[in-house]
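The next block holds one structure in the form of structure tokens; read it before the comments.
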Amino acid sequence: MSKATTIRVLIADDHAIFRQGLATIISRDPDMSAIAQAENGFQAIALFRQHQPDVTLMDLRMPEVEGVEAITAIRAQSKSARIIVLTTYDSDEDIYRGLQAGAKGYLLKETEPDELLNAIRTVHRGQQYIPPDVGAKLVQRLSNPELSERELAVLRSMAQGMSNADIAAALIIGEGTVKSHVNRILNKLDVSDRTQAVIVAVKRGIVNL
């Protein structure tokens, strides 16, 4: 591959040592070049606009602007943006949100270097790169009933230990409405009480404690 067609990669991760490790792996490949590094989602958006990379590696949990928001913003700038989520998080909700935002690949940070480079080439060709275990979790997520925005707000409040009265006051809704939302949440998560609902929500990545 000539220099003119080298795959130009933007790295977005809030850990400097990990970013540098990725840059080293990528730059050792004669067909690739790590052209820029972002330490948060805000920088990732700005550096994408500046450099127009061929492929972007995006962490999900970053300061200022998180990965999903950054992916959404970048895709709004460029529908052809090729983004791979590279994260430690493998819950079905994280996978779903990353791919729904427009990512073309999803890898865990424990991925071997050869697989990472293969994923970059695959996504650069315009194809998706979703490993089988990630795909299985995505299928599981797609089979689960969707929570509404208000139900998500109630669930997050439940995870903070708030009572129905507290949630009603915080969301400016009636306590009876909160009870209805809680019942629907329990039904959709297929659990019998609030504690189980929070445990399942945390495990699936719907809420973060």
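Which aspartates and glutamates, if any, have their Cα less than 20 Å from the Cα of Lys79, not counting same-chain residues under 8 positions apart?
Once the sequence-local aspartates and glutamates are set aside, what remains near Lys79 is Asp54, Asp59, Glu66, Glu69.
Report the calculated FRET efficiency for Lys203 and Ala165 (r = Cβ-Cβ distance, R0 = 30 Å), to the nearest 0.05.
Values: r = 27 Å, r/R0 = 0.91.
Once the sixth-power term is evaluated, E becomes 0.65.
Quick check: pseudo-label points 7 Å beyond the Cα along Cα→Cβ at Val191 and Thr72, how many nm apart are they?
Computed distance between label sites Val191 and Thr72 equals 2.4 nm.
Please list, ordered by chain and number, the residues whose modelled amide H lies under 5 Å from the amide H of Ile83; skip anything fewer than 5 residues away on the same chain.
When sequence neighbours closer than 5 places are left aside, the close amide H contacts are Thr56, Lys104, Gly105.
By how many nm would the segment from Ser148 to Lys179 lengthen if fully extended, with 0.36 nm per residue of separation less the alpha-carbon distance?
9.7 nm
Could you give the nm distance between label points at Ser80 and Ala136, where each point is 7 Å from its Cα heading toward the beta carbon?
My value for the distance between the label points is 3.7 nm.
Taking the alpha-carbon centroid of each part, what is the distance from the stretch 38-97 to the stretch 146-178 in angstrom?
Cα centroid to Cα centroid, the span is 30 Å.
Place +1 on the Cβ of every Lys and Arg and -1 on the Cβ of every Asp and Glu in the chain, take the dipole about the Cα centre, and give the residue among Leu60, Gly205, Met32 whose Cα lies farthest towards its positive end.
Sorting the options by dipole projection puts first Met32.
Using the Kirkwood formula over every pair of different C-alpha atoms, what hydrodynamic radius in Å results for the stretch 70-188? Walk me through the numbers on the way to the answer.
Values: mean 1/r = 0.0605 Å⁻¹.
Here the Kirkwood hydrodynamic radius works out to 16.5 Å.
Take peptides 138-148, 193-203 and line them up by average Cβ neighbours within 10 Å, highest first, as a rough protection proxy.
Numbers: 138-148: 13.4, 193-203: 16.1.
Top of the packing list down: 193-203, 138-148.
Restricting things to alpha carbons, find the Rg to Rh ratio for the chain using the Kirkwood radius for Rh. Kindly include the intermediate steps, with their values, before the conclusion.
Numbers: Rg = 19.5 Å, Rh = 18.4 Å.
Radius of gyration relative to Kirkwood radius: 1.06.
Could you give me the radius of gyration and the Dmax of the stretch 1-88, taking only the C-alpha atoms into account and expressing both in angstrom?
In Å, with Rg to one decimal and Dmax whole: 12.1, 37.
By how many nm would the segment from Ser27 to Gln52 lengthen if fully extended, with 0.36 nm per residue of separation less the alpha-carbon distance?
Values: separation 25, 0.36 × 25 = 9.00 nm, distance 1.76 nm.
Stretched fully, the Ser27-Gln52 segment lengthens by 7.2 nm.
Using a 1.4 Å probe on the protein chains only, how many percent of the accessible area of the stretch 11-51 belongs to carbon and sulfur? Can you show the working numbers first?
Values: 1110 of 2060 Å².
Exposed carbon and sulfur together represent 54 percent of the surface.
For the chain, what does the accessible surface come to per residue with a 1.4 Å probe? Please give it in Å². Before the final figure, lay out the partial values.
Details: 10600 Å² over 209 residues.
On a per-residue basis, 51 Å².
Could I have the simple spin-label model distance between Thr6 and Ile172, label points 7 Å from Cα toward Cβ, reported in nm to one decimal?
5.5 nm
The values are calculated or read from the model by the stated rules, or taken from the named source; none is laboratory data. Nothing here was measured: the structure is a model prediction, and the numbers come from that model. In this analysis, Cβ positions are derived from the backbone assuming ideal geometry, glycine residues included, and neighbour counts consider all displayed protein chains. Remember, those area values only see protein heavy atoms, side chains included, never the ligands or the DNA or RNA. Shrake-Rupley method; radii C 1.70, N 1.55, O 1.52, S 1.80 Å.
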